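Inspection log for the structure reproduced underneath, given as structure tokens.
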Amino acid sequence: MNTDCLFCRIARGEAKADVVYRTPTLVAIRDINPQAPTHVLVIPTEHVETLGDTADAEFLGACWSPPARWRAASGLTCGATGWWINNKAESGQTVPHIHLHVLGGRAMKWPPG
């Protein structure tokens, strides 16, 4: 298990990031290459590379259920209501650590971009 990936270092506070919300199980940061006026990454503090690497429903629920809570706590009001998950390199996952993209502030289109 690679616990030295960029997102693990961010979760431990060892790498620089614009943190908008933190709990013991996740950290939410502003994306360094935003694809919308609001683009936040929700990163579990536990290293899991892909969704297929865990069957722990409680862990996944803790990772993905808080967006409404951290949006209110962080003051994000730019319509951040769309979620996006990349799972493996084939889907565009560039950091091998599961994470959720939360985008808002403009209409999204498919394919993404």
Could you pull out every residue, at least 5 positions away or on a different chain, whose amide H is within less than 5 Å of the one on Thr50? Hs are placed 1.01 Å off N in the peptide plane, and Pro or chain starts have none. Ile98
Accessible area per residue for segment 1-54 in Å², computed with a 1.4 Å probe and the full protein assembly in place, what is it? 54 Å²
Tally up the carbon and sulfur contribution to the accessible surface of segment 1-62 as a whole percent, 1.4 Å probe, everything protein left in place. 51 percent
Once phi is turned into θ = phi - 60°, what whole-Hz ³J(HN,Hα) does the Karplus curve with 6.51, -1.76 and 1.60 give for every residue of segment 39-55, x standing for Gly and Pro? 9, 10, 9, 9, 10, x, 6, 7, 6, 9, 6, 9, 4, x, 8, 9, 10
Once amide hydrogens are built 1.01 Å from N within the peptide plane, the residues lying 5 or more places from Gln93 or on another chain with amide H under 5 Å from its amide H are Asn87, Lys88
Simple spin-label model, 7 Å along Cα-to-Cβ: Ile32 to Arg9 in nm? 0.9 nm
Under 5 Å between amide hydrogens, which residues at least 5 positions from Thr25 or on another chain qualify, with H placed 1.01 Å from N in the peptide plane? none
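The values are calculated or read from the model by the stated rules, or taken from the named source; none is laboratory data. Predicted model, so just to flag it, every value in this text is computed and none were measured. Here the Cβ is made from the backbone with ideal geometry for all residues, glycine too, and neighbour counts use every protein chain on show. The protein model used for the area step is the full one, side chains on, heavy atoms only, and it has no ligands, DNA or RNA in it. Shrake-Rupley method; radii C 1.70, N 1.55, O 1.52, S 1.80 Å.
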